[in-house]
Amino acid sequence: MVMEAALNKFAAKVGETNSVRAGHIAFRLSGEDGGDFFLDCSTGDACLTEDQPPSTPLIEVMGDARRIRRILEGEKDATRQFLAGGFRIRGDLRYASDLALELGYIKQPLL
């Protein structure tokens with residue numbers, strides 16, 4: 001499960017940020033190695049789960065699993081992929097931008 005490994009590494013990084021907020025981040029991924037994955041950040045750390053959270057996620061990331069994995073692993077530029085329509089984000093965009101900036105996925109805030 002290559003996607004799960006990438007998301008577990010991402011969860012560890014998110015748990016170390018100053019931007020992390022209590023709640024969930026959902027990944028709705030299509031294609032090979034896709035599925036619905038959730039980061040539970042309710043305790044300040046982040047851990048990967050496949051269990052649907054009881055509340056609406058703070059952020060939902062939707063796209064092709066391979067593309068998202070390559071972004072998380074630093075092989076593709078997140079800003080370029082987002083602006084080209086390679087994936088979508090729904091929810092608290094400022095929070096998504098703050099996390100992406102702190103984690104080094106983007107160089108400038110989206111908002």
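I want to verify the translational diffusion coefficient of region 2-103 in µm²/s; compute it with Stokes-Einstein, Rh as the Kirkwood radius over Cα pairs, at 37 °C and 0.692 mPa s. Please report the intermediate quantities before stating the final value.
Details: Rh = 13.4 Å.
Reported coefficient: 244 µm²/s.
In percent, how large is the relative contact order of the chain, given Cα pairs closer than 8 Å and 6 or more residues apart?
26
Net charge near A5, counting Lys/Arg +1 and Asp/Glu -1 over other residues with Cβ under 15 Å of its Cβ?
Overall, the nearby charge balance is -1.
Considering only C-alpha atoms, what is the centroid distance from region 1-42 to region 43-80, in Å?
First find each Cα centre; the distance between them is then 4 Å.
Among E32, E60, E73, which one shows the biggest mean-square fluctuation in a GNM of the chain, springs joining Cα atoms closer than 10 Å?
E32
Bear in mind these aren't lab numbers, they're just calculated from the coordinates by the rules spelled out. These numbers were taken from a predicted model, which means no experiment stands behind them. Here the Cβ is made from the backbone with ideal geometry for all residues, glycine too, and neighbour counts use every protein chain on show.
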